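Q: The structure follows.
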Amino acid sequence: MNALFLSRIQFAFTIAFHYIYPPLSIGLGLILVVMEGLYLKTKNPLYHDMTKFWTKVFGLTFALGVATGIVMEFQFGTNWAVYSRYVGDVFGSALAAEGIFAFFLESGFLAILLFGWDKVKPPVHFISTILVAFGAHFSAIWIVVANSWMHTPAGYRLVGEGVNRRTEITDFWAMVFNPSAVNRVMHVYMGCWQAGAWLVVSVSAYYLLKKRHLDFAKKSIQIGLLVALAASIGQLATGDSSAKGVARYQPAKLAAFEGHYDENAPAPMYLGGWVNEKEERVEDGVKVPGALSFLLYGDMNAPVRGLKSFPKDERPPANAVFQAFHGMVAIGIALIALSILGCLFLWKGRLYRSPFILKCCVLSVLGPQIANQIGWMAAEVGRQPWIVYGLLKTKDAFSKNVPASHVLASLILFGLVYLLLFTLFIYLLDQKIKHGPEETDLAGTGRAEL
């Protein structure tokens, strides 16, 4: 194993682990605003209990997100020195904006959110909750903008020659609003809202099955399912918009999504399968002729550029991208179905007496996490062999002076530390769930019968 391969594995591992937590923080931030807003409007102490309970979970995910995010950023300088120099002007602006305008806002009001319940007036605390949630969302914008620029560079010029060649911003707002940025930000938001909503649904369904904290669980699952439904449908819409953008600006990635090899022909949509990259075809897949052409252009006979129109050394690994993309879509459809079914049962008053649906809801917390991970995998692996699309290849971007043995040693060390952190996270989360909410009156004691 060479240094390039190990550096790619290390970055993929650390960013995948980090990305467990920010989606939960962003999604829970939105739900905290809803719950505390309902408390101020209704004065029902049950909403107060709900907000306090989920605030503790939010604090846990926020802490892990910050700790693991720092490691990810340091790798730019240690493992990817050429890349850091090449995009430093662009990334420096975006990440500085994230730190100054977003992270400080979020962290500045976090103490009031976590510890200010009895120290400030309820409206002041609610404002703090809103600002923390807004900061989390605003932070995501700058991170996704920086990543999107790697997919669709804009607002830059190339300066220098040879090893000193780098990008330099010529138009800050063109960089921020690069062609894929808005679609990708919205798509990420939907995934984050789903992650937070399905966590709330999962824990609430668990309490309902165990007949604990019943009033708390009923109110929580109502809010969680409604947010999950909106975010799941929103994910479908933003996913469609993102795919059309990929077809326009990254056609090789789009072709890999569906294993489409023909140079320029109507493209089917596959419901699963296996891409035989050697023979350049999809095996054991059920295909819908012309469906991809129709989804992209509204015409089943519209030609779609395929992988054969690209040099072999500029094609992404088609099967890996195909499987990740189809897995993400399958999970997304399943979550839409579960959110619709859950809301329907809720509307008819049957949800609390439906053990099968509740058990599905308990497991649903895994869906957004897996979909977020493999969705990023499809996006990032689909960009290969480019680290900055059309400008800089991954094989030319890593730190050539760092030996493979050093990267392997740090990868093993990170693996052990992250295993410890994840174990601690699961333990603390489990303890909070088992303990349940702090109840302020009999409305939250769970004495009501199903």
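Q: Among all the lysines, which ones have a C-alpha under 19 Å from Lys308's C-alpha, if same-chain residues fewer than 8 places away are not counted?
A: Lys253, Lys278
Q: Excluding same-chain residues fewer than 8 positions from Lys56, which aspartates and glutamates have a Cα within less than 18 Å of its Cα?
A: In chain and number order, the partners are Glu36, Glu106, Asp118, Asp430, Glu438, Glu439.
Q: Here's another thing I want to ask about it. Checking the a/c ratio against 1.5 first, then a/b against b/c, what shape does the Cα gyration tensor give for the stretch 277-417?
A: Verdict is oblate for the stretch 277-417.
Q: Same structure again: What is the dipole size for the stretch 165-290, taken about its Cα centre, with +1 at each Lys and Arg Cβ and -1 at each Asp and Glu Cβ, in debye to the nearest 20?
A: Details: 14 positive and 12 negative charges, 175 e Å.
The calculation lands at about 840 debye.
Q: Moving on to the next point. How charged is the neighbourhood of Thr238? Take every other residue with its Cβ under 13 Å from the Cβ of Thr238, and add Lys/Arg as +1 and Asp/Glu as -1.
A: Details: positive: Arg184, Lys244; negative: Asp240.
So the environment of Thr238 carries a net charge of +1.
Q: If you take the charge dipole of the stretch 3-439 about its Cα centre, with +1 on Lys and Arg Cβ and -1 on Asp and Glu Cβ, which of Ser405, Phe17, Asn276 is farthest toward its positive end?
A: Among Ser405, Phe17, Asn276, the one farthest towards the positive end of the dipole of the stretch 3-439 is Phe17.
Q: Oh, and also: How far, in nm, would the chain grow between Glu73 and Lys56 when pulled straight, counting 0.36 nm per residue and subtracting the alpha carbon separation?
A: Roughly 3.5 nm would be gained on extension.
Q: Same structure again: Go through Lys287/Lys393; Lys121/Lys210; Lys43/Lys218; Lys43/Lys211; Lys244/Lys348 and tell me which ones have a Cα-Cα distance over 28 Å in this structure.
A: Working: Lys287/Lys393 33 Å; Lys121/Lys210 35 Å; Lys43/Lys218 17 Å; Lys43/Lys211 25 Å; Lys244/Lys348 38 Å.
Result: Lys287/Lys393; Lys121/Lys210; Lys244/Lys348 exceed 28 Å.
Q: Sorted from largest to smallest, which semi-axis lengths in Å does the alpha carbon gyration tensor of the chain give for its equivalent ellipsoid, taking the root of 5 times each eigenvalue?
A: 39, 28, 20
Q: Ok, one more. If you find the alpha carbon centre of the stretch 62-96 and of the stretch 101-151, how far apart are they in angstrom?
A: Here the answer is 21 Å between Cα centres.
Q: Principal axes first, then extents: for the Cα atoms of the stretch 177-290, list largest minus smallest coordinate on each axis, whole Å, largest first.
A: 59, 39, 22
Q: Just to confirm the number: angle between the C-alpha axis of helix 3-18 and the first principal axis of the chain, 0 to 90 degrees, nearest 10?
A: 20
Q: What FRET efficiency would be calculated for the residue pair Arg212, Phe13, taking the C-beta separation as r and a Förster radius of 41 Å, to the nearest 0.05? Spell out each step's value before the answer.
A: Working: r = 37 Å, r/R0 = 0.90.
With a Förster radius of 41 Å, E is 0.65.
Q: Which residue, Gly65, Gly160, Gly285, has the most motion in a Gaussian network model of the chain that connects Cα atoms within less than 10 Å?
A: Sorting by GNM fluctuation, first place goes to Gly160.
Q: OK, next. Between Leu408 and Ala265, what is the spin-label point distance in nm, taking each point 7 Å from the Cα along the Cα→C-beta axis?
A: Roughly 4.5 nm, to one decimal.
The numbers here are math on the coordinates, done by the rules we state, and not lab data. Everything quoted here is computed from the prediction, not taken from an experiment. With ideal geometry, Cβ positions are generated from the backbone for all residues, glycine too; neighbour counts draw on all protein chains shown.
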